[in-house]
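Nothing in this text is a laboratory measurement; each read-out follows from the coordinates by a stated rule. Everything numeric here is computed off the predicted structure, so don't read it as measured data. Cβ coordinates were reconstructed from backbone atoms using ideal geometry, including for glycine residues, and neighbour counts include every protein chain displayed.
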């Protein structure tokens, strides 16, 4: 087992990792930028090294600085958390070169799943269902229409260099194709200077359901059931839950098997997540694989009563995982609390927290790195806390989450607590009747928007 | 400008990310510089309140456990109070504040191991009393088998060596105190 782990991350996940390491008797090293000096993960780690100024590029993303910190503290393993360098194959490679264990998959596995087209090809070879599509860039509208005929309308045209919804057009019928093709290309050219377009089947009313997997160094892979992450705003997850209200025993069996197949096909080592889109007919399609621990790992932990960070560390240390899969025995939900102004287009709201009281009580968990007096800087992402509730049933879980949200006091900046309170009261949400389009038509309380002077 | 306008302006500048603000017209001129100004390397950095906190062995910045760990454990509100308590104590303990207020701190721009000379058998790059110029190599910081020569960005006389030979350094750690007026 490792003697000392350096955590190459910050915020709540860094603290999360420090906690598990302490429980396992492993020494911890925190790295931090100058503005994170007072962060909780720095205070609770056994050692701390300042590695750079506020800018992530010069601190948390700086491989040389992090490796230097590993060197001067004699850490024997690095935990990359999520984001930052967690899916950076070069970083994983540098660690290996220096004889430091990177707690995660191998550089090769990261590369295979990091590129979306390669990942899809790997899945097709492994007989995992993927969203059918053109497989590459479309030459012209004629070729597009031919492929669309095969895979069936509706289809979606996507810019290969794209992002943020730009260069995308849904085509519902053959006669719409030509126009959509031209518009998508023009938009892509204007936004990304690259008018390359590919095509995929458009999954109607998709639910985002992901399967947690874990693989050891000996080729064993298990799944730890699903999380439903359909409540998203602009492709950013806001609420996650386990089990999915849309799930059935047989669907879980099928998706679990597909996820295990996906992980086994690359001999995956570590914990990871296979993301699927599930349509209203309960057909599911591989979307992508995340080769790291995720923000929402907490809801899985709550429903199967298992420490996933501990699992990661054990796998990295060469221990074997069990043979059985894990099924949820309870219901859990997580609300991501961001420092954003819900009533004004979610604009970021950095600042100093003047008063902080997190909810507590039976079945309530808060993962956070902030406290009263802490300054949320504008340099990093806006998530300041995760509120996780666990109960016997989904209904009780929602009641508990509502109670906990009402108890959550964060003063000095704006947070998304009010949004979560609104969602908990929403009829469709309470029925479990939602998909990734849920927040598109949601009323964010326009009347509370700042009036123009 | 009225007195109130000036104080309002200072308040606004302080809230911003500006390092310097200049305004002038035919009969009035004002320049306001915030602490961001010196951090950008425009002027030698002078922060006397930092000096006493580092007279304790700098190595402990990295190696020692944060002493308030167990005290902070009971509730998340504690750490904030622990932090606030540190600062006034440090200032109170510092009797040499005034004497040190003109000294410049030469800080490490990288993480690694500090060496005072190019190799054990060679003399130290600088010692107390030496005069240095901008661009002079003042030490080596080694990281991942690469020996980086650290050049000074200031000129003056070395007043104090803040760190022992062959000890680990972190980003922004103070290496030397330099008197620019010597």
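What number in nm² do you get for the stretch A:350-447 if you take the convex hull of its Cα atoms and divide its surface by four? List each step's numbers first, then the result.
Numbers: hull surface 29.2 nm².
Average of the hull's projected areas for the stretch A:350-447 equals 7.3 nm².
Sorted from largest to smallest, which semi-axis lengths in Å does the alpha carbon gyration tensor of the stretch A:4-103 give for its equivalent ellipsoid, taking the root of 5 times each eigenvalue?
Three semi-axes, in Å: 17, 16, 12.
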**Q.** Exposure proxy order (Cβ contacts within 10 Å, fewest to most) of B:26, A:368, A:416, A:96
**A.** B:26, A:96, A:368, A:416
Q.
Taking 8 Å as the Cα distance limit and 6 or more residues as the minimum spacing, I'd like the relative contact order of the stretch A:4-103 as a percentage.
A. 29 percent
**Q.** Kirkwood hydrodynamic radius (C-alpha pairs) into Stokes-Einstein, the stretch A:250-297, 25 °C and 0.890 mPa s, D in µm²/s
**A.** 214 µm²/s
Q | C-alpha center-to-center spacing [the stretch A:394-412, the stretch A:108-162] in angstrom | A | 41 Å
Q.
How compact is the protein assembly as shown by the rule of thumb for globular proteins, expressed as Cα Rg over 2.2 N^0.38 Å?
A. 1.08
Q: Find the centroid of the Cα atoms in the stretch A:348-388 and in the stretch B:128-155, then give the distance between the two in whole Å.
A: 41 Å
Q. Can you give me the pair-distance distribution of the stretch A:207-448, C-alpha pairs, 10 Å bins, whole percents?
A. 7, 31, 34, 21, 6, 0
Q: Arrange B:137, A:171 by Cβ neighbour counts within 10 Å, fewest through most, would you?
A: B:137, A:171
Q) Exposure proxy check: A:444, A:102, A:2 ranked by fewest other beta carbons within 10 Å? A) A:444, A:2, A:102
Q: Output the relative contact order of chain A, whole-number percent, from Cα pairs under 8 angstrom with separation of 6+ residues.
A: 14 percent
(Q) For a distance above 18 Å, tell me the whole-number percent of Cα pairs in the stretch B:96-182 that qualify. (A) 38 percent
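How high is the relative contact order of the stretch A:359-453, given as a whole-number percent (alpha carbon pairs under 8 Å, six or more residues apart)?
Contact order relative to length: 22 percent.
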